[in-house]
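The values are calculated or read from the model by the stated rules, or taken from the named source; none is laboratory data. Not measured: the values here are computed from a predicted model. Glycine gets a Cβ as well: all are built from the backbone with ideal geometry, and neighbour counts include every protein chain shown. Accessible surface areas use protein heavy atoms only, side chains included; no ligands, DNA or RNA. Shrake-Rupley method; radii C 1.70, N 1.55, O 1.52, S 1.80 Å.
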Amino acid sequence: MNNKEYDVIVIGAGNAGLVAALTLQKKGKKVLLLEKGRVVGGLSSSFIRGRFEFDTSLHPICEFGSKENSGVIYDLFSRLEIVDKLSVEALPEAFAVYSLDHKKKYVMPVGKDAFILKMEEYVPDSTKSMEEFFSLCEEIESALSYIRENKGHFDMEVLLKKYPYFMAIASYSVKKVLKKINMPLKAQEILCSYWSYLGSPVSKLSFVQYASTIYSCITRGPVIFKKGSHAISLLLSEEFIKNGGTLRCLTGVKEILVKDNEVTGVVTDSNEKFLTKHILANLSPNVVYGNLILDNVVPNKAKSLTNSRSFGARGVSVYIGLNKTKEELGLENMTYFIYHSLNSDKEFKRMHGVFSGNLTAILKNSSIDSSCLVLSSLIFGGAFDKLVTKENYFAMKEKFAESLVSSFEEATGVNIRDAIEEIEVATPVTFARYTGHPEGVIYGYMATSYDNLIPRILNEENEIFIKGLHFCGSFASWLSSSSATYINGEQEALKTLEEMENEKV
Ligand SMILES: Cc1cc2nc3c(=O)[nH]c(=O)nc-3n(C[C@H](O)[C@H](O)[C@H](O)COP(=O)(O)OP(=O)(O)OC[C@H]3O[C@@H](n4cnc5c(N)ncnc54)[C@H](O)[C@@H]3O)c2cc1C
C-alpha cells in the first residue's frame, strides 16, 4: 500500500468522524481523516472572544454517568481510552423548565424515585404512569444495548421474545406511548421538556430515542465536560494520531471517486488524490450525492431516498461572556429549557417563525469572577430565509440576541444584560459556513413516524447504494443528538471493519 492509499478514508472530523476514525485505527487499519476546517470537532468546536472560550454546542450529555453507573457514552469513551482524561461536572438537577406563558418553573431531580416523587408533587396521580414509563425505559435500554452489541445484525426472534414491549412500540412517537399509558397531560409535558435537545416535537419524536435519553438523564444525571465538548473532539483526534492515524485539517474533499458502483478514492480541494475501497462520510447524503460524486454514477435510489427526507432543525445561538459568576447573578440552575408553553407541538409550530423566544440555556462559571452563558433557539422550515437578507443580516443578528436575552431575563427574573462583557451570535448562515451542511442544519434529517431511529437502523443495509460508502453523524441512522453521533461513529466503523473482513474470505 503506497502512502496515498488507505484502508479507510473518513471525510469530516465531527463527533462521528472522529470516533469512527479512532475506532478503525485502534483495530489496526490505516486510516486517513480529512477535515475541511481549521480545527476538528465540526459543530462540537470552540472559539475565543476576549477572555472567554465558548463551546459552539456546549450542552449536557445524558448518557455518560460515572464509573459506578456508566452510560453508553462512558463505555464508548472507555473503549477509546479517553475517559480518564475527561473531567466532568455532574449537574445538580435532571432539568429545569420554565413556561413563559404560565409563569411557572419545574425543577426535576436526578434519581428515579426522587423524580417520580417530584412529579407527583407537581401532578397528583401521575405515579402509576411514571412507573410504567420507567419500566418501558428499562426494556428499551437493554434492547438498544443488544442492537449495538450486534452492530445492527440482530435476530428478530430474540428481539420479539426478550423485548416484546420494545418491539411493540419501536416505531411509535413519544406522544402515542405516553397517551397509551395514561400519563396525565401535565406530567407528559414536564417529562418531555428535553424535546428541543433532540430536535423534534413529541408527535414526531421517536419514543425509543426520547426514552433512552431521558432515562439515562434521570437515572445517571446529566454531565457537562469541564473543558467543553470541544475538549472531547481534541482528545479523540490526539488519540487517533497517537495510534498512528493521519489527520489532515484544512483539507476538504471535493470529489469521491466511484467506479462500477464501488468507491475507489477521493480528490481534495488542492487536487491531491487518495485511494481507498472504504469511505465513511461524516456529511449529509445531500452534499455527498449532490456535490461530491459525479451525477451520472449516483444511483437513482440514493437520490430518491435523499430527496424524500426533510431537514431537521436549524439554530441560532447567542454566546455571552458575563463579568459575574452565576452565584453573583443569582441564577440557580446550569441548564434551562424556556418555552412559552410546555406543549411541544404548539411550540414546534411557533418555532417555524424566527423570533419564537423559546430557548435552551447553559450557564457555567468560567473564572472566579465570570461566567459563560449560551442561549440557543431552534428554527424549523424556511422562515429564516424569508426574513433574513444580505442587507439586514447584522441587524437581524442583534434582534436575535435581544429576543433571546429578553426571554431568558423574563423567565428567570434576573437582569443579565448589565453584566455582558462579550457577545457573539451564530445563525444558520454561520453553521452552514463552518460545516457545509445544507441550510446550516444542526440536527440532521427530521425524524418522522415512519422514518425514525428503529426503522432507520433496521433499513441500514438497504441504504448502501455504492459499495464501500457509509455515512455517519447527525444525518445517519442513530439520528442527531451529540451522543447519537458518537454512538453512530463507532457503529459505522465496526460495520466497515466487518465489510473488510468479509472481503478477505
Ligand atoms: C448550537 C448548538 C446546540 C446544540 N445542542 C445540542 C444539544 O443540546 N444536545 C445534543 O445532543 N446535540 C446538540 N447539538 C448537536 C450536536 O452538536 C451535533 O449533533 C453533533 O456535534 C454533530 O456531529 P456530527 O458527527 O454529525 O458532525 P458535524 O459536527 O456535523 O461535523 C461534520 C464535519 O465535516 C466537515 N466537512 C464537511 N464537508 C467536508 C468536506 N467536503 N471535506 C472534509 N470535511 C468536511 C465539517 O467541516 C465538519 O467538521 C447542538 C449543536 C449546535 C450547533
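Taking all protein chains in place and a 1.4 Å probe, what share, in percent, of the accessible surface of the range 108-221 do carbon and sulfur account for?
Working: 2510 of 4850 Å².
Roughly 52 percent of what the probe reaches on the range 108-221 is carbon or sulfur.
For Y445, enumerate residues with amide H under 5 Å from its amide H, sequence gap 5+ or separate chain, H modeled in the peptide plane.
Residues meeting the amide H criterion: G312.
Taking the Cα centre of the range 108-221 as the origin, how large is its charge dipole in debye, to the nearest 20, when only Lys and Arg (+1) and Asp and Glu (-1) carry charge on their Cβ atoms?
Details: 14 positive and 13 negative charges, 75 e Å.
The calculated dipole for the range 108-221 is roughly 360 debye.
What figure, in Å² to the nearest 10, do you get for the accessible area of D155 with a 1.4 Å probe and non-protein molecules left out?
For D155, the solvent-accessible surface is approximately 80 Å².
Taking the Cα centre of each part, how many Å lie between the range 181-223 and the range 467-498?
23 Å
Let's test the formula: R0 of 35 Å, r as the Cβ-Cβ distance of I181 and D84. What FRET efficiency results, to the nearest 0.05?
On the way: r = 40 Å, r/R0 = 1.15.
With a Förster radius of 35 Å, E is 0.30.
Placing unit charges on C-beta atoms (Lys and Arg positive, Asp and Glu negative, everything else neutral), compute the dipole magnitude of the chain about its Cα centre in debye, rounded to 20. Show your work: numbers first, answer last.
Working: 57 positive and 61 negative charges, 155 e Å.
Here the size comes out at about 740 debye.
Using a/c under 1.5 as the rounded threshold, could you call the range 330-387 rounded, prolate or oblate? The axes a ≥ b ≥ c are square roots of the C-alpha gyration tensor eigenvalues, and prolate needs a/b larger than b/c, oblate otherwise. Please report the intermediate quantities before stating the final value.
Details: a/c = 4.26, a/b = 1.97, b/c = 2.16.
It is oblate, given that a/c is not under 1.5 and a/b is not larger than b/c.
Can you give the FRET efficiency to the nearest 0.05 for D345 and D125, using r as the Cβ-Cβ distance and R₀ = 35 Å?
Numbers: r = 23 Å, r/R0 = 0.67.
Here the calculated transfer efficiency is 0.90.
With a 1.4 Å probe and every protein chain left in place, tell me how much accessible area F154 has, in Å² to the nearest 10.
30 Å²
For the chain, which cysteines have no disulfide-compatible partner, meaning no other cysteine Cβ under 4.7 Å?
Isolated Cys, the chain: C137, C192, C249, C372, C472.
What's the center-to-center distance, using Cα atoms, between the range 403-450 and the range 293-358 in Å?
7 Å
In sequence order, what are the phi-derived ³J(HN,Hα) couplings for the range 139-148 according to the Karplus relation 6.51 cos²θ - 1.76 cosθ + 1.60 with θ = phi - 60°, rounded to whole Hz, with x for glycine and proline?
Result, ordered by residue: 5, 4, 4, 5, 5, 5, 5, 4, 5, 5 Hz.
Pulled fully out, how much extra length does the chain show between D295 and E238, if you take 0.36 nm times their separation in residues and subtract their Cα-Cα distance? Walk me through the numbers on the way to the answer.
On the way: separation 57, 0.36 × 57 = 20.52 nm, distance 3.63 nm.
Difference between extended and current length: 16.9 nm.
When the helices in the chain are scored as -39500 (n - 2.57) per DSSP H run of 4 or longer and the sum is shared across all residues, what 222 nm value do you end up with, to the nearest 500 deg cm²/dmol? Walk me through the numbers on the way to the answer.
Working: 19 runs with 195 residues, N = 505.
Per the formula, -11500 deg cm²/dmol.
Stretched out fully, how many nm does the piece from A114 to S142 gain, at 0.36 nm a residue minus the Cα gap?
Values: separation 28, 0.36 × 28 = 10.08 nm, distance 2.26 nm.
Result: 7.8 nm gained on full extension.
How large is ³J(HN,Hα), in whole Hz, for each residue of the range 204-213 in order, when computed from phi with the Karplus curve 6.51 cos²θ - 1.76 cosθ + 1.60 and θ = phi - 60°, using x for Gly and Pro?
Those phi angles translate into 10, 5, 5, 4, 4, 5, 5, 4, 5, 6 Hz.
Not counting ligands, DNA or RNA, and with a 1.4 Å probe, what is D260's accessible surface area in Å² rounded to the nearest 10?
The value for D260 is about 130 Å².
Multiply the residue separation of L458 and N502 by 0.36 nm, subtract the distance between their alpha-carbon atoms, and state the gained length in nm to one decimal. Spell out each step's value before the answer.
Details: separation 44, 0.36 × 44 = 15.84 nm, distance 2.05 nm.
Additional length available on full extension: 13.8 nm.
Taking amide H atoms as placed 1.01 Å from N in the peptide plane, list the residues 5 or more away in sequence, or in a different chain, whose amide H sits under 5 Å from that of S173.
Here F207 satisfy the definition.
Which links in K161/K186; K326/K346; K26/K504; K349/K495 stretch past 29 Å when you go from one Cα to the other?
On the way: K161/K186 34 Å; K326/K346 31 Å; K26/K504 19 Å; K349/K495 38 Å.
Beyond 29 Å between Cα atoms: K161/K186; K326/K346; K349/K495.
Modelled label-to-label distance, R248 and H102, 7 Å Cα→beta-carbon offset: nm?
5.6 nm
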